[in-house]
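Below is one structure; the comments refer to it alone.
The values are calculated or read from the model by the stated rules, or taken from the named source; none is laboratory data. Every value quoted in this text rests on a predicted model; they were computed, and no experiment measured them. Please note: Cβ atoms are built from the backbone with ideal geometry, for glycine as well, and neighbour counts cover all protein chains shown. Just the protein is used for accessible areas: all its heavy atoms, side chains included, with ligands, DNA and RNA removed. Shrake-Rupley method; radii C 1.70, N 1.55, O 1.52, S 1.80 Å.
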Amino acid sequence: LMPGVWVVVPAAGRGTRFGSPLPKQYLQVAGQPLIAHTLAALLSHPLVEGALVAISANDADWPGWTAFQEKPVLTCVGGDTRAQSVLAALEALPAAVRADDFVLVHDAARPNLRSEDLQQLLERGRADPVGAILAAPVRDTLKRAGDDGGIDGTEPRQHLWRAMTPQLFRRFQLTRALQEAGKADVEVTDESMAMELQGLRPLLIEGNEDNLKVTTPADLARFEYILSQRGP
C-alpha cells in the first residue's frame with residue numbers, strides 16, 4: 001500500500017493576464033469557482049490526503065473551506081511570487097508530513113487533471129530519487145522571432161517538453177531548492193526549475209494534453225466545454 005501525499009496549491013496570484021477583476025481561480029464554472037474543480041480533481045484521488053492552499057493576505061473570495069471531498073483543506077498566507085507561496089505552504093504543512101516525504105504542487109487554475117495521470121506521477125515519481133513532473137512533448141513547429149516580428153529561424157523540437165503540474169518532490173529538498181533560488185534572486189517559474197538549479201534531474205512523465213491551465217477566457221470556455229461533454 002502506497003503512503004498518501006499532501007498537495008500544495010499556490011493560489012495567492014491575481015491572474016492579471018486574464019483581465020478580470022476577480023482572480024481567475026475564483027471565476028465561476030458550472031456553478032463552482034474554478035479552484036473547486038481543481039481541488040476536486042486532486043482530492044478525489046485516494047492517495048491524496050489533504051490540500052494546503054496558499055491564498056493572499058486580504059483574500060475576500062476564498063470560500064473558507066476547511067474540508068473538501070471529506071479531506072482536510074488548510075490555508076496559509078502566500079507571497080508575492082509563486083515560489084514564496086509554495087514555500088509558505090511547505091512550511092505550513094502538518095507535522096505528520098516528514099522532511100523526506102513527497103509533496104505534490106499543483107496550479108490552482110489547472111482544473112482538468114486526470115486521475116490516471118496523477119496515479120502515474122505518484123507511482124513513477126516516488127520511485128525516482130529526485131521526483132517528477134507531468135509534462136507534454138512539444139508537437140508544434142517552433143519559430144524564433146526577431147524584434148521586428150519576422151521569423152529568425154526554426155527551433156528543433158525534439159527533446160522539448162511543456163511543463164505542467166502536479167510536480168512531485170520531497171518536502172525538505174524542495175524547500176531548500178526554493179530558498180536557494182530566492183537567495184540567488186532567480187525567479188523560478190515552476191518547482192522543477194528550482195530543483196534543476198540544484199543540479200538535480202527530475203523525471204518527465206507524459207501527461208494528457210487536456211490538463212490545461214486557465215490563463216485566458218478562451219481556456220475557461222474550453223474547460224466549460226470539456227465539463228459539458230463529461231456529463232453530470
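Structure notes:
- Residue, surrounded by the fewest Cβ atoms within 10 Å (Cβ to Cβ), within the range 177-192, restricted to residues that are under 21 Å from ASP128 (Cβ atoms) and free of Cβ contacts under 8 Å to residues at least 24 places away in the same chain: GLU180
- Residue match in the range 62-70 (condition: modelled with pLDDT of 95 or more and open to solvent by less than 10 Å² (accessible area, probe 1.4 Å)): no
- Residue match in the range 32-39 (condition: closer than 18 Å to PRO10 by Cβ and loosely packed, with under 15 Cβ neighbours inside 10 Å): no
- Single residue of the range 193-207 satisfying the filter (free of Cβ contacts under 8 Å to residues at least 60 places away in the same chain and in a loop (DSSP other than H, G, I, E, B)) that is least open to solvent (accessible area, probe 1.4 Å): GLY199
- Looking at ARG171, ARG144, just one residue is basic (Lys, Arg) and open to solvent by less than 70 Å² (accessible area, probe 1.4 Å), and that residue is ARG171.
- Within the range 40-49, the only residue that satisfies the criterion of being buried (at least 21 other Cβ atoms within 10 Å of the Cβ) and in a strand (DSSP E or B) is VAL48.
Residue-by-condition table, conditions (1) polar (S, T, N, Q); (2) surrounded by 14 or more Cβ atoms within 10 Å (Cβ to Cβ); (3) at pLDDT 95 or above:
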{"residue": "VAL9", "(1), (2), (3)": "no, yes, yes"}
{"residue": "ALA12", "(1), (2), (3)": "no, yes, no"}
{"residue": "PHE18", "(1), (2), (3)": "no, yes, no"}
{"residue": "GLN28", "(1), (2), (3)": "yes, no, no"}
{"residue": "ALA54", "(1), (2), (3)": "no, yes, yes"}
{"residue": "VAL77", "(1), (2), (3)": "no, yes, yes"}
{"residue": "GLN84", "(1), (2), (3)": "yes, yes, yes"}
{"residue": "VAL97", "(1), (2), (3)": "no, yes, yes"}
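- Put simply, of GLN173, GLN167 the only residue that is closer than 16 Å to VAL7 by Cα and touching a strand residue (DSSP E or B) at 6+ places or on another chain (Cβ under 6 Å) is GLN167.
- Annotation note: of ASP80, ASP100, the sole residue that is in contact with a Phe, Trp or Tyr (Cβ under 8 Å, 6 or more places away or on another chain) and either in a loop (DSSP other than H, G, I, E, B) or touching a residue at least 12 places away in the same chain (Cβ under 8 Å) (or both) is ASP100.
- Condition broken by ARG124, with the remaining ones in (1) more than 21 Å from VAL214 (Cα to Cα); (2) within 13 Å of the chain's Cα centre (by Cα); (3) of a type in the set (Lys, Arg) satisfied: (2)
- Pairs, first open to solvent by 30 Å² or more (accessible area, probe 1.4 Å) in the range 214-232, second not in a loop (DSSP other than H, G, I, E, B), C-beta under 6 Å, six or more apart: THR215/ARG17; GLU224/VAL29
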